[in-house]
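K.L.:
Have a look at this one before I ask anything.
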Number of protein chains: 2
Amino acid sequence: MSFILTFLGKGGVGRSTVAIAAAKRLASQGERVLLVSADPSSSFDLLLGVSLSQEKQEIETNLSAVQLRSTHLLEVSWEQVKQLEAEYLRSPTLKNVYGQELGILPGMDEALALNAIREYDQSGKYDVIIYDGANSFATLRMFGIPEMLNWYIRRFSQVLSESDVVKALSPFIQPITSAILNVGWSSDDLNSNSTTKANQMLEEGQKAVSDPRRVAAYLVTTTEPTAKATAKYLWGSAQQINLTVGGLILNQAEISEEIAAEFAQIPVSNLPKTSDWLSLGQALPDFRQAVNSPKPLTIDSAKGQVKVFLPGFTKQQVKLTQYGTELTVEAGDQRHNIYLPPTLKGKSVKGAKFQDNYLIISL
Amino acid sequence: MSFILTFLGKGGVGRSTVAIAAAKRLASQGERVLLVSADPSSSFDLLLGVSLSQEKQEIETNLSAVQLRSTHLLEVSWEQVKQLEAEYLRSPTLKNVYGQELGILPGMDEALALNAIREYDQSGKYDVIIYDGANSFATLRMFGIPEMLNWYIRRFSQVLSESDVVKALSPFIQPITSAILNVGWSSDDLNSNSTTKANQMLEEGQKAVSDPRRVAAYLVTTTEPTAKATAKYLWGSAQQINLTVGGLILNQAEISEEIAAEFAQIPVSNLPKTSDWLSLGQALPDFRQAVNSPKPLTIDSAKGQVKVFLPGFTKQQVKLTQYGTELTVEAGDQRHNIYLPPTLKGKSVKGAKFQDNYLIISL
């Protein structure tokens, strides 16, 4: 299992520079590092001084790097989909569609990138994977996929099982499937088998993203007001997908009292004005210390209390709703449906307050 | 119908500043302008000096502004989906899922933003809509939706009609639909009615994006090598979704011979180092002149020639493939399936060359 590290901040603050410096430092300390760039232009190459491609390459001892290209990743994934279809269907039809024809729709970049990271992680070849996203809002959407998709599947499979359409279809499913499927399973078997595998993958992903020993983010900013505003927003938004923010890296400036106060709950480091990778690397924090930074979500079953860390937001920017058994926190243009343990599930909210950057809910 | 304008460039080059200056100038010239920000943080507000929200507000004479929030837009769209379901199904089930529960998955931001722009356009209230995306790669994915989705629907409806699954299902569709649907239509009617509406919307979108009187993009860059590399990449990538790039805006620098040569096919303007909106606005080009910039795609049926404008790429970065009747150009991490007129459709590629930033295909 790799430690997956990413950097969040406004465009132009030096996120990619920090990612490269971090990769070089960790590699020099003997960790096997993979640097993953999601920037499809040659901008990242100019910083790195190496021309990357969709095939990963070793650029220094212990340090490999790759540029993700969605067109390539989609082609590979499409072949897997076609193989799966061929296994299950007597006469597969997708074989007539070629991966080389498929264009990229919004959302595919993030889904394909997360899948690529998952595969690099599972390869066991890397101690650290550093992901440099082209945009931090999109990076948060990407790391939110397991949690969000898991919720949609849970919620809608429940709704669909109660639906007239599904009830009306079910007597027809058995004869139809046996007519077209290449396997002897009943629809129940097939369903549970294929969904179990997908569910497992999503649940593992969700567990990894919420574990700061597995995945951590660090904020990067300059002293520019717009850059600081974006960093603060990203800090709060990361909590909404259970992603721990380990600290703040202030680029090319001294740490002022104001900055230290604004980001009081996490360690703040600063980088000197230099393009020397060694000096930059030495100024970076120890990323494994992310485990000591505030956890996005703490649930105390005995006390019936849920604590949600939501820095960077005012009380007015946070909304709590409860529908049936769902407890939903809305902030940072994301909705977080909190999965409660059995002892708290279904209980009504007795009270909620927003204090010291925490939303504290009593059940 | 509005003129839709967007700015493409690396993060931090001043895209939002240019968008605001453009909006203010056009409004002062008497055009009714809507400024749409996709930045969910307060960073855009700091530049504008106004606190925006999901409800549009008039901030100056002729100038309104709005901050898109996907959580809000999804809630509104979900209500429409539920109404549609209630119209067609005897006992709708989606009514039990509330818009306030729904989280945001990758891709939703772009789909919801494009739909919002479409609705603002159709309202007839604005002469110009300026869209400031949070990230330019995502902006291109967004404007590519109509073309890409249209292709997927065309391609897969053809494949599915040949599929065993669909053939096996079709005798069951009539009895099932009449059992659960709230309307008397046959499955064919229903299918053609609902798909026609969606297809029309996509085709109108595709037509608008490829018409520089309707939609145009301008590049923004500084003299930083990484910013220039990103601008060049975005220039080429925009052509892949048939989006015309009207010109380049160089922020806070004099136009060098080198820059003028690198972007020779489009007009280059430059902005002074000032935060005065009036001076910035005066230095901006006339955006309606985008019609005079190179067209992404020119098809000469008589000569059997297809010309694709692909600036910023080398010959090695462009790939042309033909499968069956599909002609696909791959460049800029996107695949463009070229829709040929009936006289050229199905013809084999006789030759192709890459010359002066054009891919010239002979059929």
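K.L.:
Among the residues in region B:326-337, are any surrounded by fewer than 17 Cβ atoms within 10 Å (Cβ to Cβ) and either closer than 30 Å to residue A:106 by Cβ or touching a helix residue (DSSP H, G or I) at 6+ places or on another chain (Cβ under 9 Å) (or both)?
P.N.:
no
K.L.:
To continue, here is another question. Tell me, yes or no, whether region B:99-108 has at least one residue that is touching a Lys or Arg at 6+ places or on another chain (Cβ under 8 Å) and assigned to a helix (DSSP H, G or I).
P.N.:
Checking region B:99-108: at least one residue is touching a Lys or Arg at 6+ places or on another chain (Cβ under 8 Å) and assigned to a helix (DSSP H, G or I).
K.L.:
Looking only at region B:278-293, decide whether some residue is assigned to a loop (DSSP other than H, G, I, E, B), touching a Pro at 6+ places or on another chain (Cβ under 9 Å) and within 14 Å of another protein chain (Cβ to nearest Cβ).
P.N.:
no
K.L.:
Moving on. Among the numbered criteria (1) touching a residue at least 60 places away in the same chain (Cβ under 8 Å); (2) over 20 Å from the mean Cα position of the chain (by Cα), which single criterion is violated by residue B:255?
P.N.:
Going through (1) touching a residue at least 60 places away in the same chain (Cβ under 8 Å); (2) over 20 Å from the mean Cα position of the chain (by Cα) one by one, residue B:255 breaks only (1).
Rundown of residues vs (1) over 29 Å from residue A:113 (Cβ atoms); (2) surrounded by fewer than 16 Cβ atoms within 10 Å (Cβ to Cβ), yes/no style:
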| site | (1), (2) |
| --- | --- |
| B:75 | no, no |
| B:83 | yes, yes |
| B:86 | yes, yes |
| B:91 | yes, yes |
| B:104 | no, no |
| B:110 | no, no |
| B:121 | yes, no |
| B:128 | yes, no |
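To keep it simple, each residue is scored yes or no on (1) assigned to a strand (DSSP E or B); (2) among the hydroxyl-bearing types (Ser, Thr, Tyr); (3) surrounded by fewer than 24 Cβ atoms within 10 Å (Cβ to Cβ).
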position	(1), (2), (3)
A:1	no, no, yes
A:13	no, no, no
A:19	no, no, no
A:24	no, no, yes
A:31	no, no, yes
A:41	no, yes, no
A:46	no, no, yes
A:50	no, no, yes
A:53	no, yes, yes
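K.L.:
Filter region B:236-260 for residues that are part of a helix (DSSP H, G or I) and acidic (Asp, Glu); which is farthest from residue B:337 (Cα to Cα)?
P.N.:
Here the answer is B:257.
K.L.:
If a residue must be hydroxyl-bearing (Ser, Thr, Tyr) and in contact with a Gly (Cβ under 9 Å, 6 or more places away or on another chain), how many such residues does region B:126-148 contain?
P.N.:
2
K.L.:
Which numbered condition trips up residue B:323, out of (1) of a type outside the set (Asp, Glu); (2) in contact (Cβ under 8 Å) with a residue 12 or more places away in the chain; (3) surrounded by fewer than 19 Cβ atoms within 10 Å (Cβ to Cβ)?
P.N.:
The failed condition is (2).
K.L.:
Are any residues in region A:203-235 within 12 Å of chain B (Cβ to nearest Cβ) and in a helix (DSSP H, G or I), and if so, which ones?
P.N.:
A:225, A:226, A:227, A:228, A:229, A:230, A:231, A:232, A:233, A:234, A:235
K.L.:
Any residue at all in region A:328-338 that's part of a loop (DSSP other than H, G, I, E, B) and within 14 Å of chain B (Cβ to nearest Cβ)?
P.N.:
Yes, region A:328-338 contains a residue that is part of a loop (DSSP other than H, G, I, E, B) and within 14 Å of chain B (Cβ to nearest Cβ).
K.L.:
Separate question: Kindly indicate which of A:318, A:308, A:291 is among the hydrophobic types (A, V, I, L, M, F, W, C) and loosely packed, with under 15 Cβ neighbours inside 10 Å.
P.N.:
A:291
So that you can scan it fast, the table gives a plain yes or no per residue for (1) acidic (Asp, Glu); (2) more than 9 Å from every other protein chain (Cβ to nearest Cβ); (3) farther than 17 Å from residue B:68 by Cα:
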position	(1), (2), (3)
B:111	no, no, no
B:115	no, yes, no
B:125	no, yes, yes
B:145	no, no, yes
B:148	no, no, yes
B:152	no, no, yes
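K.L.:
Let me ask something else. Kindly indicate the residue of region B:67-95 that is outside any helix (DSSP H, G or I) and at pLDDT below 85 and also farthest from the other protein chains (Cβ to nearest Cβ) among those meeting that condition.
P.N.:
B:92
K.L.:
Do we find a residue being under 18 Å from residue A:13 (Cα atoms) and without any contact (Cβ under 8 Å) to a residue 12 or more places away in the chain anywhere in region A:296-306?
P.N.:
no
K.L.:
Shifting gears a bit: Test residue B:57 against the criterion of being without any contact (Cβ under 8 Å) to a residue 12 or more places away in the chain, touching a strand residue (DSSP E or B) at 6+ places or on another chain (Cβ under 7 Å) and surrounded by fewer than 19 Cβ atoms within 10 Å (Cβ to Cβ), and give yes or no.
P.N.:
The answer is yes for residue B:57.
K.L.:
Residue by residue through region A:1-19, note down the ones that are away from chain B (no Cβ under 12 Å) and out of contact with any strand residue (DSSP E or B) (no Cβ under 6 Å at 6 or more places or on another chain).
P.N.:
Matches in region A:1-19: A:1 only.
The values are calculated or read from the model by the stated rules, or taken from the named source; none is laboratory data. Everything numeric in this text was worked out from a predicted model, so none of it was measured. Ideal geometry is used to build each Cβ from the backbone, glycine not excepted, and the neighbour counts take in all protein chains shown.
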